[in-house]
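Taking it in order: structure first as structure tokens, then the write-up.
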Amino acid sequence: MKYICKKIITLIMTLFLVSAAAFLAFQVIPGDVVTSILGTEATPEMEELLREELGLNDPPVERYMNWVSGVLKGDLGVSYRYSKSMNERMPVAELIGDKLPVTLWLAFYSLILIIVISIPLGVLWARSKNHYLDAALNVISQTAMAVPAFFLGILVTYLFGIILKCFTPGGYVSYREDFAGFMHYLLFPAISIAIPKIAMTARFLRNSMLTEMRSDYVRTAYSKGCTNRRVMYAHVLRNALMPVVTFLGMIIAETIAGSIVVEQVFGLPGVGRLLISSISTRDFPVVEILVLYITSVVIIVYALIDILYRMIDPRISSK
Amino acid sequence: MKQKNTREKKKWNNYLVAGLVMTGITLAIAVIGAFWTPYDATAMSASLKFAPPSFAHWFGTDNFGRDILSRVMEGVETTVVISVLVVAASALVGVLVGALTGYFGGLIDEITMRFTDAVNGFPSILLALVILSVLGGGVEKLILALSIAFCPSYIRIVRSEFIKYRDADFIARARLMGVGWARILFVHILPNIFSTFLVSIVIGFNNAILAESGMSFLGIGVQPPAASLGKMLSDAQGYLSSAPWYALAPGLAIVWIVLGFSLLGEGIRRWNN
């Protein structure tokens with residue numbers, strides 16, 4: 001319990017540091033934001049008016065305070081580029097709102113695929129006595145890890161979309177209209193994200209199991225008469241899964257990063273695409289919020305994994 | 001004499017051979033691509049638009065009638081140059097900062113560690129994207145952004161190796177003999193961590209190449225008309241049903257380069273053990 005409290009305090013401190021970094025990084029940018037929005041023909045009065053509207057006349061520290069308190073109250077600020085109507089700027093919250101579920105579902109979907117496929121595969125691999133199977137899995141996993149997600153996305157589009165016609169490339173279905181259609185379309189980007197990670201996780205589990213199989217307790221278990229099956233699943237797998245849990249935490253962070261690229265390949269309207277377009281149009285309020293958001297997810301996932309790890313491993317929690 | 005014994009224990013393995021061969025071919029293509037390509041990589045031709053692979057154009061031509069093989073060769077060269085610079089810069093900073101913080105410890109070490117902890121959990125492509133959006137585009141900025149993004153992992157690796165050696169007997173003796181700290185760090189300790197560090201350098205190439213091609217794919221890395229593998233793939237994606245060969249060559253080139261480096265890394269790791 002004391003540990004969890006300590007963890008939560010560090011978590012909050014890290015989030016504050018990240019928010020400061022995310023905000024301040026965009027204050028040192030060369031070039032005036034106002035000129036880039038209005039163009040060079042704007043009159044000084046127009047520039048002054050916009051500067052006042054965006055709160056750019058306040059000192060940076062004060063603006064950071066305002067920004068943080070706004071974020072905590074749920075006010076994420078307004079976009080520089082998008083407008084809601086003629087004289088109203090688009091709130092960032094509204095801009096992100098319907099894009100967030102797309103990215104989260106994609107990451108979640110990929111994660112499920114990774115866990116469901118890689119764990120049985122890793123066990124099978126560790127148990128394979130067949131030298132050829134071992135070598136084949138080795139070659140396949142090395143190759144799968146070398147394929148970048150976007151190329152995999154193109155291959156998946158070509159194979160499943162154009163040749164096998166399992167889905168229409170670019171024919172994204174909104175989750176509001178047709179959830180089943182949405183999940184069907186999402187399967188293919190999820191496969192593209194998952195394949196390299198499946199190879200990594202299966203490989204990691206296999207190595208972890210091979211290490212455990214050499215331990216003393218395995219010999220003891222055999223000598224007291226446990227069946228091969230029982231030793232494998234009740235003893236070896238349980239211990240070998242421990243480091244895999246930590247590894248999966250890293251994979252979650254990578255999955256979110258992977259979805260930024262894969263959204264682009266499959267034309268998914270998620271936060272990844274918004275991030276890329278906001279970076280190219282220098283729409284900093286949106287970038288700041290997205291960076292803060294993605295970092296928070298990553299940091300919270302790490303913290304949860306850490307706590308989970310202590311809960312499932314009795315050796316750590318009893319200390 | 002002792003040196004010779006340890007050398008003899010090290011064994012060649014399949015990974016090392018395959019990795020060396022593949023990486024060797026990659027580097028050869030990069031060097032050749034810098035001086036000679038079968039065709040001019042930027043020469044456009046309306047009549048040759050989307051020519052399928054043939055003996056004249058091994059990998060076909062693209063939407064402007066440019067020879068894909070020539071462009072892939074140029075792209076490999078660009079990618080290799082960028083990743084060499086990125087790995088060199090981040091490894092150098094990693095060695096300097098990691099050595100100093102690991103050997104001396106103290107408050108600065110603590111601060112550096114908190115900082116790298118925070119950065120390390122972060123997906124490096126995202127970090128590079130953010131840095132690049134602050135700095136603005138261009139190849140030099142891309143190299144700088146990726147170097148900054150990769151530094152923390154090198155700092156951590158070097159630091160933990162230096163901590164292992166800082167209390168070793170031979171270092172204590174060197175200190176007793178009056179050897180200065182700079183000499184202890186870089187002459188007495190550094191050669192010992194070299195083989196471990198080499199593996200992370202090779203893996204660093206992998207990450208640098210994947211990150212560079214990913215950013216160029218997103219249109220934030222290498223800018224046209226310069227050929228880059230990632231940009232070629234994003235162009236090819238639009239013509240997937242009419243000219244599928246366009247995507248194949250740059251994609252396979254990336255897989256080949258990354259696979260070569262990862263086999264090499266695994267090979268060196270097994271060679272060390």
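A short reminder: the numbers here are calculations on the coordinates, not readings from a lab. Just so we're clear, the structure is a prediction, and the values are computed from it rather than from any experiment. All Cβ positions, glycine included, derive from the backbone under ideal geometry; neighbour counts span all protein chains shown.
Averaged over residues, the count of other Cβ atoms within 10 Å places the peptides B:64-77, A:108-121, A:267-280 in the sequence B:64-77, A:267-280, A:108-121, highest first.
Segment residue B:11..residue B:25, full-extension length gain: 2.8 nm, with 0.36 nm per residue of separation and the alpha-carbon distance subtracted.
Inter-label distance, residue A:245 to residue A:20: 3.3 nm, where each label sits 7 Å from its Cα along the C-beta direction. Ranking A:18, B:180, A:264 by how far each Cα lies toward the positive end of the dipole of the protein assembly as shown (charges on Cβ) leaves B:180 at the top. The charge dipole of the protein assembly as shown, taken about its Cα centre with unit charges on the Cβ atoms of Lys, Arg (+1), Asp and Glu (-1) only, comes to about 3520 debye. The label-point distance for residue A:215 and residue A:7, in a model that sets each label 7 Å from Cα toward Cβ, rounds to 2.1 nm. Sorted on the mean count of surrounding Cβ atoms within 10 Å across their residues, most packed first, peptides A:209-222, B:251-264 read B:251-264, A:209-222. Going by neighbour counts of Cβ atoms within 10 Å, the residues B:162, A:23 line up, fewest first, as A:23, B:162. Per-peptide packing, taken as the mean over residues of other Cβ atoms within 10 Å, places B:105-111, A:281-287, A:96-102 in the sequence A:281-287, A:96-102, B:105-111 from highest down. Of the residues A:155, B:97, A:79, the one whose Cα sits farthest towards the positive end of the charge dipole of the protein assembly as shown is B:97 (charges of +1 on Lys and Arg Cβ, -1 on Asp and Glu Cβ, taken about the Cα centre).
Which stretch or stretches of the range B:95-138 have amide N atoms under 11 Å from the point lying 7 Å from residue B:186's Cα along the Cα→Cβ direction? Inside the label zone: B:96. Look at the stretch A:291-304: the mean tally of other chain Cβ atoms within 10 Å of its residues' Cβ atoms is 2.
Note that the range A:172-178 has calculated 3J(HN,Hα) couplings of 5, 10, 5, 5, 6, 7, 8 Hz, one per residue in order, obtained from phi through the Karplus relation 6.51 cos²θ - 1.76 cosθ + 1.60 (θ = phi - 60°); glycine and proline are x. Placing dummy labels 7 Å off each Cα toward the beta-carbon, the span from residue A:104 to residue A:168 is 2.8 nm. Report, in degrees rounded to the nearest 10, the 0 to 90 angle that the Cα long axis of helix A:271-280 makes with the longest principal axis of chain A. Between helix and principal axis, roughly 50 degrees. Only helices enter the 222 nm calculation for the protein assembly as shown: every DSSP H run of n ≥ 4 contributes -39,500 (n - 2.57), and dividing by all residues gives -24000 deg cm²/dmol, rounded to 500. For the range A:144-156, putting each phi into the Karplus relation 6.51 cos²θ - 1.76 cosθ + 1.60 with θ = phi - 60° gives couplings of 4, 6, 8, 8, x, 4, 6, 5, 4, x, 5, 4, 5 Hz, in residue order, rounded to whole numbers and with x for Gly and Pro. The gain in end-to-end length when the residue A:296 to residue A:277 segment is fully stretched comes to 4.7 nm, 0.36 nm per residue minus the alpha carbon separation. If the segment from residue A:315 to residue A:124 were pulled out straight at 0.36 nm per residue, it would be longer than the present Cα-Cα gap by 66.0 nm. For a paramagnetic label modelled on residue A:228 (point 7 Å from Cα along Cα→Cβ), amide N atoms under 15 Å away belong, within the range A:116-135, to A:124-131. For peptide A:151-160, the mean count of partner chain Cβ atoms within 10 Å of a residue's Cβ comes to 5. 5 Å is the cut-off here: which amide hydrogens, built 1.01 Å from N in the peptide plane, fall below it relative to residue A:79, excluding neighbours closer than 5 in sequence? Counting only residues 5 or more places away or on other chains, the set is A:90, A:92. Counting Cβ atoms of other protein chains within 10 Å of each residue's Cβ and taking the mean over peptide A:137-145 gives 3. Mean separation of Cα pairs under 8 Å and 6 or more residues apart, divided by the residue count, gives chain A a relative contact order of 24 percent. Along the axis of the charge dipole computed for chain B (Cβ charges of +1 for Lys and Arg, -1 for Asp and Glu, origin at the Cα centre), the listed residues B:139, B:106, B:240 are led at the positive end by B:106. Normalised by the number of residues in chain B, the mean separation of alpha-carbon contacts (under 8 Å, six or more apart) gives a relative contact order of 28 percent.
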